Amino acid sequence: MGSSGENVDMESVMTELIHQAALMVVEEGLDYGQAKRRAAQQLGAGRRLAWPDNDVLEEAVFEHLRLFHADTQPRELLALRQTASHWMKRLAALNPHLCGAVWRGTATRLSPIHLQLFCNDPKAAEWQLLDMGVDFELAATHAKSGEEVDVLQTWVRCEGLGEEVSLLLTVLDLDDVRGQLKPDARGRTRMGSAHALQTLLESAHD
C-alpha cells in the first residue's frame, strides 16, 4: 500500500512540476532547463524524481498558451518569426537555421530569437556583425557533442512588437547541420532553414 501511495504522490508532484515549469517558461521567459530546476526547487522535489523531458514540457507550454494567451501569442510569434526571417537574410552567408521557441511555435515577446549558424570559420559571425556595426556580447555553451561553442548575443528591433528582442547566434561547424533536420516522432524538426521559415510565414497569411 505504501508503495502505491508513494507512486501516486510522485505522479502528483511530477504533474505539478510540469505545470509550474510551463508557467515559468511562458510568464517569465525562462528556458526549459531553468524552468524545471526552479519548479523542482519550489516544490522541494530535488532528486526524488526524474525530471520531465523537453517534449513533455513543450506540450504543457502549448496548453498554457492555448488557455491563457490565445489572444496575444499568435501575433507575438508572427512578429518574432518575421524578425528572424529578416536576420536570416542578413546572415545568409553563414547558413542560418532557426531553432528554439520561435521555430517550434511556443514563443512570446519574452522569448529570444535563436539562430544556429553553420560555417567553417568560427569567427565568421563576429566579423559579419562587426561589418554591420552591430554590438554584441560573446559567451559560450556546449554543443550536443560536448564541445564548447561560441554564442553571440545582441538586441535587435522587432517592428511587429515595437521593441527590441534578444537575438542569440550559436556558431557551429558546417558539418554539424547533417542530421539536424530530421523530424521527431510528431513530425516536427528541431530547427528550420530560411526557406522553411518563409513557408511558415506564408501559411500564416493564408
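The values are calculated or read from the model by the stated rules, or taken from the named source; none is laboratory data. What you see is a predicted model, and the numbers here were worked out from it, not measured in a lab. Every residue, glycine among them, receives a Cβ derived from its backbone with ideal geometry; neighbour counts consider all protein chains shown.
Structure data summary
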item: Odd one out for Leu77, checked against (1) in contact (Cβ under 8 Å) with a residue 60 or more places away in the chain; (2) assigned by TED's automatic domain parsing to the domain that holds Leu168; (3) not hydroxyl-bearing (Ser, Thr, Tyr); result: (1)
item: Members of region 58-69 that are within 23 Å of Gly187 (Cα to Cα) and either touching a strand residue (DSSP E or B) at 6+ places or on another chain (Cβ under 8 Å) or surrounded by fewer than 17 Cβ atoms within 10 Å (Cβ to Cβ) (or both); result: Glu59, Phe62, Glu63, Arg66
item: Among the candidates Glu202, Glu163, Glu126, residue that is touching a residue at least 12 places away in the same chain (Cβ under 8 Å) and within 25 Å of Thr72 (Cα to Cα); result: Glu163
item: Residue match in region 64-85 (condition: under 15 Å from the mean Cα position of the chain (by Cα), of a type in the set (Gly, Ala, Ser) and farther than 18 Å from Leu152 by Cα); result: no
item: Lone qualifier among Ala35, Ala50 - being out of contact with any strand residue (DSSP E or B) (no Cβ under 9 Å at 6 or more places or on another chain), outside any helix (DSSP H, G or I), under 30 Å from Asp176 (Cβ atoms) and not aromatic (Phe, Trp, Tyr); result: Ala50
item: Which numbered condition Cys119 fails, given (1) over 15 Å from the mean Cα position of the chain (by Cα); (2) modelled with pLDDT of 95 or more; result: (2)
item: Any chance Trp103 is assigned to a strand (DSSP E or B) and within 26 Å of Glu76 (Cα to Cα); result: no
item: Of all residues making up region 21-35, the number that are touching a Leu at 6+ places or on another chain (Cβ under 7 Å) and either on the phi > 0 side of the Ramachandran plot or without any contact (Cβ under 8 Å) to a residue 60 or more places away in the chain (or both); result: 5
